[in-house]
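The structure appears below as structure tokens.
Only the coordinates and a few stated rules stand behind these numbers; no lab work does. Quick caveat, the model's predicted, so the values are computed rather than measured. Counting neighbours? That spans all protein chains shown, and the Cβs are built from the backbone with ideal geometry, glycine included.
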Amino acid sequence: MPPPTSPAEPGPARTAETVIVGAGPAALALGTLLRCHDLGPVEVVDPGAQWLHTWHHRFASQDIAHLRSPAVHHPHPDPFALLATCHASELVRSGQANLPTTAAFARFTSELVDATGLTDAITPASVIALRLLDDGEAVLELSDGTRRRPAHVVLATNRRLPVAPPPLQPAATDHPNVRVGDGCDVRTTPAGGHVVVIGGGLSAAQLCSGAAARGARVTLVARRRLAVRRYDTHPTWLGPRKLRPFRAEPDPTVRSRMLAQARGGGTMPHRARMRLEQLAAAGQLHLRQRAQITGVEAVGDRLRVCIDGQDTLVADALWCATGGQVDVASDPLLSEVQQRHPLAVAGGLPDLDAALRWPGTNLHLTGAAAGLILGPTAGNLIGHRRAAQRITASMRDLDPERADRITTGAGACPQLGSWPTSSTAAPARRTGVAAARTGTTTRQARPTPAGSR
């Protein structure tokens, strides 16, 4: 690794006020809020060259029709902004919440990018190295050979390492018909073939439904009984009942255990579970609960899959949807930061300051990596908004711990005024949205559902 930049090598001249690494919903939430408060030039670095590129690919690869998160969770600071642009036909009822369709969310975020002037903010490149000056300022080295030295750097990649069962970790993952994590894609379903899906969460259920819809026979292997839960985190984690004792806990290791307990393993909403039951009744799905993959062997273009050391299946494709984990110690962009500014890490998560800043630097982290500060919803859409509020507050010299507020109407984004207006909303929604858009700022009185995406 090259030596750290020293005062004798002051690095490049100051560039944009803020550089955001990543162009997903976390980056869009922050970019929007920065524009809302006119906080200097913003540059976004992402190899995808367009906003939410990875997000859209993941939704298409799993054939996701609607979000699990309610319509009040999105990148705009006003919770009701998305509802103001939706028709009733674009909302799916789930309990007391409305879930936006994938198409409605995509349209809203596209319009948001245009409204905030962030369309041309993306530099199509990767950050290949992050160096630190002696004063803690970060210098970014890009894949196009250029460098950046902004006043603020925000790592918004929400990077997760896919977790796979031990039998899939060796050479079996090199087989062309074995896919792990985001590599799973229902559009590659072998028509008339046999697909084995590993996992017990919503992603696994969506892969099963997508493969079955494309004519495949499907076997779902889950290591425990399928668990049904409307959201991946209980809604009380959005209010003081759970967050106050969590934030008051001084030991990051204890907070890490609280996170693990709150999120648990993979879960799926009742609607997804019922769809699996329908597929099983139709003979398109074989459900193996409390079972584990114990061996995978390539047999030409096909795979021999062993379950619990006894049963053997022959599959045309093997998709592993067993989630991912955050581990800052394995992130190459953070290697020098950890070396020069050691920080307590628990469960792979850094114990950041209240502004989600790595102490001693001008580097902020968003997404699941901010879990020790924001709680178990840090990697969700609502967590992205809360991260943006904290980071923006610190740039405005305000208290980031008091930034977690609900703001509606023009007060949510002064630079955008009343955008979006409720004029395009379905008649049934206009009254409620207009009544809520008072332009006031309040603390959240009661939690709203904590969806995952």
Listed with the fewest Cβ neighbours within 10 Å leading, T32, T312 appear as T312, T32
Note: D311 to I128 extended length (0.36 nm per residue) minus current alpha-carbon separation gives 61.4 nm
For region 282-428 the mean separation of alpha carbon contacts under 8 Å (6+ apart) over residue count, i.e. relative contact order in percent, is 10
Of the candidates S126, T32, S335, the farthest towards the positive dipole end of the chain (Lys/Arg Cβ +1, Asp/Glu Cβ -1, centred on the Cα centre) is T32
Computed over region 138-243, the relative contact order (Cα-Cα under 8 Å, seq sep at least six) in percent reads 17
Per the helix-only model, the chain has a calculated mean residue ellipticity at 222 nm (DSSP H runs of ≥4, -39500 (n - 2.57) each, divided over all residues, rounded to the nearest 500) of -7500 deg cm²/dmol
Karplus ³J(HN,Hα) for region 117-132 (6.51 cos²θ - 1.76 cosθ + 1.60, θ = phi - 60°; Hz, whole; x = Gly/Pro) runs x, 9, 4, 9, 7, 7, 9, x, 7, 10, 8, 9, 7, 10, 9, 10
In terms of the charge dipole of region 203-257, which places +1 on Lys and Arg and -1 on Asp and Glu at the beta carbon, the residue among L220, T233, V254 farthest towards the positive end is L220
Amide H neighbours of A317 at under 5 Å, excluding residues fewer than 5 places away on the same chain, with H built from the backbone geometry, are H194, V196
Those trypsin sites (Lys or Arg not before Pro) from region 210-258 that are DSSP loop and have at most 12 other Cβ neighbours within 10 Å turn out to be R224, R225
Scalar couplings 3J(HN,Hα) for region 346-353 by Karplus 6.51 cos²θ - 1.76 cosθ + 1.60 (θ = phi - 60°), nearest whole Hz, x for Gly and Pro, are 9, x, x, 9, x, 8, 6, 7
Interchain or sequence-distant (5+) residues whose placed amide H lies within less than 5 Å of the amide H of I122 are V44
Full extension between V163 and Q325 adds, at 0.36 nm per residue less the Cα distance, a length in nm of 57.6 nm
Rounded to 0.05, the calculated FRET efficiency for the beta carbons of H57 and D399 at R₀ = 41 Å is 0.60
Given backbone amide H placed at 1.01 Å from N, residues whose amide H is under 5 Å from that of A129, ignoring those fewer than 5 places away on the same chain, are E141
So, relative contact order of the chain in percent, Cα under 8 Å, 6 or more apart, is 22
